[in-house]
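Asker: Quick one: the structure is below, questions incoming.
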Amino acid sequence: MVKLTVDGIEIEVPPGSNVLQACEAAGKEIPRFCYHEKLSVAGNCRMCLVEVKPGPPKPMASCALPVAENMQVFTDTEMVRAGRRGVMEFLLINHPLDCPICDQGGECDLQDQSVAYGSDHSRYHEAKRAVSDKYLGPLVKTVMTRCIQCTRCVRFATEIAGTPELGAVARGEAMEITNYLETTLTSELSGNLIDICPVGALTSRPYAFAARPWELRKTDSIDVFDALGAAIRIDARGNEVLRVLPRPNDDVNESWIADKSRFAIDGLKHRRLDRPWLRVDGRLRPAGWAEAFAAIAARLNGLPGNRISAIVGDQCDAESLLALRDLMRALGGSVDCRQDGAHVSIARREHYLFNTGIAGIEAADAVLLVGTNPRHESPVLNARLRKIWQSGQAHIAAIGPQADLTYEATWLGQDLQALANLAAGTHSHQSVLARARNPAIILGPAALRHPATARLAWQLAGTLDALRPDWHGVNILHTAAARVAALDLGLVPQGGPLAGALHGAADFLYLLAADEFDIAAIAPDTFVVYQGHHGDRAAARADVILPGSAYTEKSGTYTNLEGRVQRGYAAVDPPGDARADWAILRALSDALGQALPYDSLDAVRAALAAANPVFGRLGLAPQPGGSGGEAPAGPAEISSCQFAPLHESYYQTDPISRASPTMAACRAAVTQLPVAAE
């Protein structure tokens, strides 16, 4: 540790820290524009000036100055104040000063710091320069005259997103930030440019001029568009969700969220189910709750349990999963959570978790991706993989269709045979993995479609000594936010995925917001109940439709891919007659004469903790470490299995994003095809 004093306060900081970090450790606020804790140091705004002794008698940029033993730092001397006033005066020479009409007003670092550290007048009265706006796509709006050339956006696109599509051209007063080819940004993390821009140069195009920040009601929640479980904040006005922003959580999403998580929310306003519907004479018509429940009860009357099945969707909360499980058990039916066809063992929790942990993957020195494209399936996790590749500490290899992952990868094949060869020790890449201290294997949803994949991964991990008490190298990369909670509740019936639900095996099928499977495979005479929030694929096939709530409209518990139990809260009310999903199932159980034993949200959560104690440990992830190599069961034979992606497009993968005009515009812009919302 390095000892130094900041304004007379003696502190200790780790070697390699900069003076700005030391000042923050001492509780001193240092203004900054170009510095960001997740990006490399640029040192070009000069706003973070401090005075340092011993040293030259001049203000110094604290972000670019490493700490030294016995250094004395002064953050509020006359020299420092004059330096900051001068820097602010220079920054405002060409700034348009259009705060009343700027969409960043009320959240602008330049606005706040000019009040706190700037002067009340300027000595410059020359004509201001103007810079042409750049088109960055449907998500990010530009007003480049406001840009102060902090280069945060350039560094984020290059370092974090891995899509170096922004940069600076020219010099001096003519310098400007631009996208070189005047095309849409291709990163799935591009919305984070809006958060890191300290002025109004980059703002949200879908949110432009929708509201001022002080008009919004802010609610903490959890992202459900993938299984990472990113911490988010939902901003709403009245009963409308206007935007979603990330909340910092270094253990999960750091400071970032993916574009779908941020911008697909306009899909919440389209194709919503706001009343029950009942199919009569082949046509759906509006109905009341009692009439819908009566139709369900009439169909279930006398039906044996082995002819009753249920499938749960990818965005369900744990409370509704428990209610459906308990109702199906009372009826003698079965519930399956694997609508993507995954073969997952629930014998041990480590068989279906991301066992290194999300932050723990940064300790890996070799990574093998099997049947996954993490850039599309978990963009924020992919940024961590890029981080360890960029540092030079990890070699990354992949099995599956070749794709641009934003980092270099060695492609070993496209099918299961390559993994089998690695497990058997006959593949040439085996030696690379064997040299690694902490090898990590990541199995994606495409790989899990084959029942032998998990067994082969555990076999390979055993030969690599990757199942130690301090390191568990086998990771399951789920894409469904509801998947781990559903597996914790045992929603995996006997047989393969969907075995009891499709192809005539069930006379009664209950779909809890499940749309991501082959709807056409449902037998024509199967009675289908769809409970969900959007009139999507499965709703068109349903005989009864029950309107549920989206994730922004209910308080729910979600378990992320590493097994961390988290909770989101309702930001707005559901539309019309829609209700929370667990409450619908509780009311239906009454109509069926199988009343569930809970009447309140607290009672449901108590039942959750009783069903599995993990639901009582909010915010805690399991400790990493292997159990000695107990592998999940799987067939010995290896059939030919090509790893095909689950979705054609990153932008439209669920009922909300398929209803989103913004996501449809993104898909069209990236593919350069006129694609409308499905």
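Asker: If A383 satisfies all but one of (1) at pLDDT 95 or above; (2) of a type in the set (A, V, I, L, M, F, W, C); (3) part of a loop (DSSP other than H, G, I, E, B); (4) crowded, with 24+ Cβ neighbours inside 10 Å, what's the number of the condition it fails?
Answerer: (3)
Asker: Could you list, in sequence order, the residues of segment 476-524 that are assigned to a helix (DSSP H, G or I) and at pLDDT 95 or above? Spell out the reasoning first.
Answerer: As a first pass, look at segment 476-524 and keep what is assigned to a helix (DSSP H, G or I): 483-488, 519-521.
R483, V484, A485, A486, L487, D488, listed by residue number.
Asker: Would you please list the contacts, defined by Cβ atoms under 9 Å and residues six or more apart or on different chains, that run from a residue in segment 438-458 that is touching a residue at least 12 places away in the same chain (Cβ under 8 Å) to a residue that is part of a helix (DSSP H, G or I) and among the hydroxyl-bearing types (S, T, Y)?
Answerer: Within 9 Å, the pairs are L443/T453; A447/T453.
Asker: Right, another one. Restricting to segment 524-539, give me the number of residues that are under 15 Å from D577 (Cβ atoms) and open to solvent by 10 Å² or more (accessible area, probe 1.4 Å).
Answerer: Final tally of qualifying residues: 2.
Asker: Another one. Is there a residue being of a type in the set (A, V, I, L, M), open to solvent by less than 60 Å² (accessible area, probe 1.4 Å) and free of Cβ contacts under 8 Å to residues at least 40 places away in the same chain anywhere in segment 67-78? Let's see the steps before the verdict.
Answerer: So the first thing to find is which residues in segment 67-78 are of a type in the set (A, V, I, L, M), and the list is 67-68, 71, 73.
Still in the running and open to solvent by less than 60 Å² (accessible area, probe 1.4 Å): 67-68, 71, 73.
Checking the rest, the ones that are also free of Cβ contacts under 8 Å to residues at least 40 places away in the same chain come to none.
Among the residues of segment 67-78, not one is of a type in the set (A, V, I, L, M), open to solvent by less than 60 Å² (accessible area, probe 1.4 Å) and free of Cβ contacts under 8 Å to residues at least 40 places away in the same chain, which makes the answer no.
Asker: Show me the strands (runs of 3 or more DSSP E) entirely contained within segment 394-445 in which 1 or more residues are aliphatic (A, V, I, L, M) and open to solvent by 10 Å² or more (accessible area, probe 1.4 Å).
Answerer: 410-413
Asker: Right, next: Return only the number of the condition from (1) surrounded by fewer than 21 Cβ atoms within 10 Å (Cβ to Cβ); (2) touching a Gly at 6+ places or on another chain (Cβ under 7 Å); (3) of a type outside the set (V, I, T); (4) at pLDDT below 95 that A609 does not satisfy.
Answerer: Failed condition: (4).
Asker: Tally up the residues in segment 93-110 that are under 20 Å from F33 (Cα atoms), out of contact with any Gly (no Cβ under 7 Å at 6 or more places or on another chain) and either open to solvent by less than 50 Å² (accessible area, probe 1.4 Å) or assigned to a helix (DSSP H, G or I) (or both), please.
Answerer: Within segment 93-110, the subset under 20 Å from F33 (Cα atoms) is 93-99, 102-110.
If we keep only those that are out of contact with any Gly (no Cβ under 7 Å at 6 or more places or on another chain) too, we end up with 93-98, 105-107, 109-110.
Then drop every residue that is not either open to solvent by less than 50 Å² (accessible area, probe 1.4 Å) or assigned to a helix (DSSP H, G or I) (or both), which leaves 93-96, 98, 105-106, 109-110.
Number satisfying all stated conditions: 9.
Asker: Tell me yes or no: at least one residue of segment 343-350 is within 30 Å of R243 (Cα to Cα), of a type in the set (S, T, Y) and out of contact with any strand residue (DSSP E or B) (no Cβ under 6 Å at 6 or more places or on another chain).
Answerer: The answer is no, given that none of the residues of segment 343-350 is within 30 Å of R243 (Cα to Cα), of a type in the set (S, T, Y) and out of contact with any strand residue (DSSP E or B) (no Cβ under 6 Å at 6 or more places or on another chain).
Asker: Which of the residues belonging to segment 310-348 are open to solvent by 20 Å² or more (accessible area, probe 1.4 Å), modelled with pLDDT of 95 or more and within 20 Å of the chain's Cα centre (by Cα)?
Answerer: The answer is D314, Q315.
Asker: Which condition number does S119 fail, the rest of (1) of a type in the set (S, T, Y); (2) over 23 Å from R32 (Cα atoms); (3) surrounded by fewer than 16 Cβ atoms within 10 Å (Cβ to Cβ) being met?
Answerer: So S119 meets the others, but not (2).
Asker: Here is a list: A208, A174, A168. Which entry is under 26 Å from K387 (Cα atoms), more than 22 Å from the chain's Cα centre (by Cα), surrounded by fewer than 19 Cβ atoms within 10 Å (Cβ to Cβ) and not charged (D, E, K, R)?
Answerer: A168
Asker: Here are the criteria: (1) crowded, with 20+ Cβ neighbours inside 10 Å; (2) closer than 21 Å to D340 by Cβ. Tell me which single one A521 does not satisfy.
Answerer: (1)
Asker: Just to be sure, is T557 in a strand (DSSP E or B), touching a residue at least 12 places away in the same chain (Cβ under 8 Å) and touching a strand residue (DSSP E or B) at 6+ places or on another chain (Cβ under 7 Å)?
Answerer: When the stated conditions are applied, T557 passes them.
Asker: Can you spot a residue in segment 647-659 that is under 27 Å from A538 (Cβ atoms), open to solvent by 20 Å² or more (accessible area, probe 1.4 Å) and either among the aliphatic types (A, V, I, L, M) or modelled with pLDDT under 90 (or both)?
Answerer: Taking every residue of segment 647-659 in turn, at least one turns out to be under 27 Å from A538 (Cβ atoms), open to solvent by 20 Å² or more (accessible area, probe 1.4 Å) and either among the aliphatic types (A, V, I, L, M) or modelled with pLDDT under 90 (or both).
Asker: Looking only at segment 158-173, count how many residues are without any contact (Cβ under 8 Å) to a residue 40 or more places away in the chain and either of a type in the set (G, A, S) or assigned to a loop (DSSP other than H, G, I, E, B) (or both). Write out each step before concluding.
Answerer: Restricting attention to segment 158-173, the residues satisfying the condition of being without any contact (Cβ under 8 Å) to a residue 40 or more places away in the chain are 158, 164-172.
Checking which are either of a type in the set (G, A, S) or assigned to a loop (DSSP other than H, G, I, E, B) (or both) leaves us with 164-165, 167-168, 170-172.
Qualifying residue count, segment 158-173: 7.
Asker: Please return the ranges of helices (runs of 4 or more DSSP H) entirely within segment 575-677 where 1 or more residues are closer than 30 Å to G413 by Cα.
Answerer: Hits in segment 575-677: 661-671.
Asker: If I filter segment 95-106 for residues that are among the charged types (D, E, K, R), within 38 Å of the chain's Cα centre (by Cα) and at pLDDT 90 or above, do I get at least one hit? Spell out how you get there, then give the answer.
Answerer: Narrowing segment 95-106 to residues among the charged types (D, E, K, R): 98, 103.
Next, only the ones that are within 38 Å of the chain's Cα centre (by Cα) stay: 98, 103.
Filter once more, keeping what is at pLDDT 90 or above: 98, 103.
Looking for residues that are among the charged types (D, E, K, R), within 38 Å of the chain's Cα centre (by Cα) and at pLDDT 90 or above, one finds at least one in segment 95-106, hence yes.
Asker: Still on this structure, please answer the following. For the subset of segment 135-157 comprising residues that are touching an Asp or Glu at 6+ places or on another chain (Cβ under 9 Å) and not in a loop (DSSP other than H, G, I, E, B), which member is surrounded by the fewest Cβ atoms within 10 Å (Cβ to Cβ)?
Answerer: Filtering first and then ranking leaves M144.
Asker: Output the residue which, of all residues in segment 560-579 that are open to solvent by less than 40 Å² (accessible area, probe 1.4 Å) and out of contact with any Leu (no Cβ under 8 Å at 6 or more places or on another chain), is nearest to Q623 (Cα to Cα).
Answerer: Step one: list which residues in segment 560-579 are open to solvent by less than 40 Å² (accessible area, probe 1.4 Å), which gives 560-566, 568, 571-572, 574-575, 578.
After this cut, where a residue has to be out of contact with any Leu (no Cβ under 8 Å at 6 or more places or on another chain) as well, the list is 568, 571-572, 574-575.
Numbers: G568: 23, A571: 32, V572: 35, P574: 37, P575: 41 Å.
Taking the candidates together, the pick is G568.
Asker: So which residues in segment 279-306 are closer than 18 Å to L512 by Cβ and either touching a strand residue (DSSP E or B) at 6+ places or on another chain (Cβ under 7 Å) or exposed (fewer than 13 other Cβ atoms within 10 Å of the Cβ) (or both)?
Answerer: A292, A295, I296, R299, L300
Asker: Cβ-Cβ below 9 Å, separation at least six or inter-chain, first residue in segment 106-118 and at positive phi, second outside any helix (DSSP H, G or I) and open to solvent by 50 Å² or more (accessible area, probe 1.4 Å): which pairs?
Answerer: G106/R212
Asker: So, one more: Only residues that are more than 31 Å from the chain's Cα centre (by Cα) and of a type in the set (S, T, Y): list them for segment 4-63, please.
Answerer: Hits for segment 4-63 are T5, S62.
Asker: Further, regarding this structure: Taking the criterion of being among the aliphatic types (A, V, I, L, M), touching a Gly at 6+ places or on another chain (Cβ under 7 Å), touching a residue at least 24 places away in the same chain (Cβ under 8 Å) and in a loop (DSSP other than H, G, I, E, B), would at least one residue in segment 189-207 satisfy it?
Answerer: No, the conditions are met nowhere in segment 189-207.
Asker: Output the residues belonging to segment 6-18 that are closer than 15 Å to E51 by Cβ and either touching a residue at least 60 places away in the same chain (Cβ under 8 Å) or in contact with a strand residue (DSSP E or B) (Cβ under 6 Å, 6 or more places away or on another chain) (or both).
Answerer: Those that are closer than 15 Å to E51 by Cβ and either touching a residue at least 60 places away in the same chain (Cβ under 8 Å) or in contact with a strand residue (DSSP E or B) (Cβ under 6 Å, 6 or more places away or on another chain) (or both): V6, D7.
The values are calculated or read from the model by the stated rules, or taken from the named source; none is laboratory data. None of the values given here were measured: they were computed from a predicted structure. Because the Cβ atoms are built from the backbone with ideal geometry, glycine has one as well, and the counts that use them run over all protein chains shown. Protein only, heavy atoms only, side chains kept; ligands, DNA and RNA dropped before computing areas. Shrake-Rupley method; radii C 1.70, N 1.55, O 1.52, S 1.80 Å.
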